[in-house]
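This report concerns only the one structure given below.
A short reminder: the numbers here are calculations on the coordinates, not readings from a lab. A quick note: this is a predicted structure, and the numbers were derived from the prediction, not measured. Glycine gets a Cβ as well: all are built from the backbone with ideal geometry, and neighbour counts include every protein chain shown.
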Amino acid sequence: MSATRIVVIEDEAPIRRGVVDALRASGYETADAADGDRGLQEAIRLGVDLVLLDLLLPRRNGLDVLAELRKVRPTLPVIILTARGTEDDRVRGLKMGADDYVVKPFSARELLARIEAVLRRSTDRPTDVTTAKLGRAKIDLGRREVRWSAQERAELSETEVALLSFLLAHRQRAVSRDELLTRLWGIEPRGLETRTIDMHIARLRTKLRDPADDESPEAILTVRSLGYMAGPDLVPLESP
């Protein structure tokens, strides 16, 4: 079983390095970011088990990151790291979906105990979508694989998995190219002309097409003037 992966979003370099070192010494895998935009991008990747989130961040503050994260990964555990000691800030973060908070300065021992407690509680919560089906295909997002049979398989890239996961999480509506650029790439799309999203969607559609069926259902629909959405035959499966 792979190690628990924690994302540390903290702009103060000494604190960030200290937290990362303590986590690695305790056997956790880590990723880290010094601003809110990059932090959100790291946090929504598949395979992340918990996020440590500072409130005062450049480019995007911690509460904004938390709000966006809850739209994409509603069940992902989040612990707020804050120098703000006021009750209003703590309560607001908890109401927005944070699982716990730690007020700076904190000891590594206290932080690790909070992490362990939150991870224990999180085993009982609903999980994010990890598998889906499309026709006879089973899509395993954790393994980054599409499987039609023991012999017929296709491998998905990390970006393709992120795209598919986001569309599945928002399958009741169309998602714009600008929203995908912002949420998955951390790019502000103001006036940006790019075919990046279209090219990734095209490749993803090709990989999801049944090699034995020329009329296999469409995984991703184009909604004119709006963007993309998951097709009606792309269905999330219950986690085992």
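Numbers below:
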quantity: Convex hull volume of segment 1-110 per residue (C-alpha atoms, cubic angstrom); calculated: 91 Å³
quantity: Listed residues ARG183, ARG120, ARG45, most fluctuating in the chain (Gaussian network, C-alpha, under 10 Å); calculated: ARG120
quantity: Cα coordinate range in segment 201-240, projected on the principal axes (Å, largest first); calculated: 36, 26, 16
quantity: Potential lengthening between ARG173 and SER225 on full extension [0.36 nm per residue; Cα-Cα distance subtracted]; calculated: 17.4 nm
quantity: The chain - share of DSSP beta bridges that are antiparallel (%, nearest 5); calculated: 50 percent
quantity: Net charge dipole size for the chain [Lys, Arg +1 and Asp, Glu -1 on Cβ; Debye, nearest 20]; calculated: 180 debye
quantity: Radius of gyration and maximum dimension Dmax of segment 6-46, Cα, Å; calculated: 9.9, 27
quantity: Candidate lysines for bridging to LYS95, where Cα separation is under 23 Å - those fewer than 8 sequence places away on the same chain excluded; calculated: LYS71, LYS104
quantity: Highest-MSF residue in the chain out of PRO217, PRO105, PRO74 [GNM, Cα springs under 10 Å]; calculated: PRO105
quantity: Computed Kirkwood radius, in angstrom, where 1/r is averaged over Cα pairs of the chain; calculated: 19.1 Å
quantity: The chain - mean residue ellipticity at 222 nm from DSSP helices (-39,500 (n - 2.57) per run, n ≥ 4, rounded to 500); calculated: -10500 deg cm²/dmol
